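Beneath this line is the structure, given in structure tokens, with notes to follow.
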Amino acid sequence: MGWAPQIESRLREIRMMIPGIRSVIADRDSSARNQLRLLLAAETGIELVGECVTATETIATVRTHRPDLLFLDIEMEDAHGGRVLDRIAREDVPILIFTSRNHQFAIQAFEARALDFLLKPFDHRRFHTAIERARSEMLKVHDRHLTHRILDLLAEARAEPHDQRLVFKTGGRVVLLDMDEIDWIEAAGNYVELKVGGTSHLVREGIGRIAERLDPSLFARIHRSIIVNIRRIKELQPCNRGEYMVVLRDGKQLSCSRGYRARLQQLIANPRTRVS
């Protein structure tokens, strides 16, 4: 089933929004800054938005320009590179590549969660590898944003009072599932397991929230941790203390608590849904 035309149009626009990498050079060494500038000029899709000599300048430039990538000398003129990061809001910290003339600082760089560490003077091939790693990281971020935007667009496009399709993320994928494909649902802590044929999908959402999204004429909660598609019910077997054993078409048996029995009976009696 294809996307709605308006969604397809917006997705094309979103996919074209992959930006270039906006970078800042922060280095006390003028020769290092010059070399970085030349190396960046030789790369495609890189925009240099600022150069800094001191830690104070670096903090101000990052806050103002909010770059995607920061080349940071681990030994700035007025502060250690790590202290620069301490003074930048977490959400504003860009992809980080530390630079130094001393390879012993490499451990500190990666402890600060730098993407890479480059020794001065810079090797062209090694620099290009670092840039490719930065591009890859940028694409990951873009893909995450794209996924969230797709989910937002689908939410905006819903016109039914109850969802006809369930959209969720699992294993790095976005899955679109027709509600009627679901056999039953089981709570699993802060997650729910959607049982679909012989497979199951683990979704990070509470069973109460899922229940609100389901068509109440087609799905019944039969236990505090179980919701069933009543079209999948084959028979009801009375048990002790007024409870039922719900038997599905595939032979799966589910317990129906006494507190949910009346609602289940009401749904099954509704002629809109026929139970085989």
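The values are calculated or read from the model by the stated rules, or taken from the named source; none is laboratory data. Note that the structure is predicted; figures quoted are calculated from it, not measured. All Cβ positions, even for glycine, are placed from backbone atoms using ideal geometry, and neighbour counts span all protein chains on display. When the accessible area is computed, the model is the full protein with side chains, heavy atoms only, and any ligands, DNA or RNA have been set aside. Shrake-Rupley method; radii C 1.70, N 1.55, O 1.52, S 1.80 Å.
Per the conditions (1) in a strand (DSSP E or B); (2) at pLDDT below 90; (3) basic (Lys, Arg); (4) over 21 Å from the mean Cα position of the chain (by Cα), the sole criterion not satisfied by Arg241 is (1). Kindly evaluate Val84 against the criterion of being crowded, with 20+ Cβ neighbours inside 10 Å and modelled with pLDDT under 90. Answer is yes for this residue.
Identify the residue in region 238-250 that is open to solvent by less than 70 Å² (accessible area, probe 1.4 Å) and in contact with a strand residue (DSSP E or B) (Cβ under 8 Å, 6 or more places away or on another chain) and, among all such residues, is farthest from Gln164 (Cα to Cα).
Cys239
Being open to solvent by less than 40 Å² (accessible area, probe 1.4 Å) and under 16 Å from Arg22 (Cα atoms) is the requirement here; does Asp73 meet it?
Numbers: open to solvent by less than 40 Å² (accessible area, probe 1.4 Å): yes; under 16 Å from Arg22 (Cα atoms): no.
Judged against the criteria, Asp73 is not a match.
A Cβ distance below 7 Å, combined with a sequence gap of six or more or placement on separate chains, defines the contacts here; from region 236-254, residues that are on the phi > 0 side of the Ramachandran plot and of a type in the set (Lys, Arg) reach residues that are at pLDDT below 90 and open to solvent by 50 Å² or more (accessible area, probe 1.4 Å) in the pairs Arg241/Arg258. The set of residues in region 194-212 being surrounded by 12 or more Cβ atoms within 10 Å (Cβ to Cβ), under 21 Å from the mean Cα position of the chain (by Cα) and part of a helix (DSSP H, G or I) consists of Ile207, Ile210. Of the residues making up region 26-67, those that are under 29 Å from the mean Cα position of the chain (by Cα) and crowded, with 21+ Cβ neighbours inside 10 Å are Val62, Pro67. Within region 168-185, being under 30 Å from Pro238 (Cα atoms), out of contact with any Gly (no Cβ under 8 Å at 6 or more places or on another chain) and open to solvent by less than 60 Å² (accessible area, probe 1.4 Å) holds for Met179, Ile182, Trp184, Ile185. For region 18-51, filtering for residues that are in contact with a helix residue (DSSP H, G or I) (Cβ under 6 Å, 6 or more places away or on another chain), at pLDDT below 95 and either within 14 Å of Phe122 (Cβ to Cβ) or in a loop (DSSP other than H, G, I, E, B) (or both) leaves 3.
Within region 52-75, the set of residues being assigned to a loop (DSSP other than H, G, I, E, B) and not acidic (Asp, Glu) comprises Val53, Thr54, Arg66, Pro67, Ile74.
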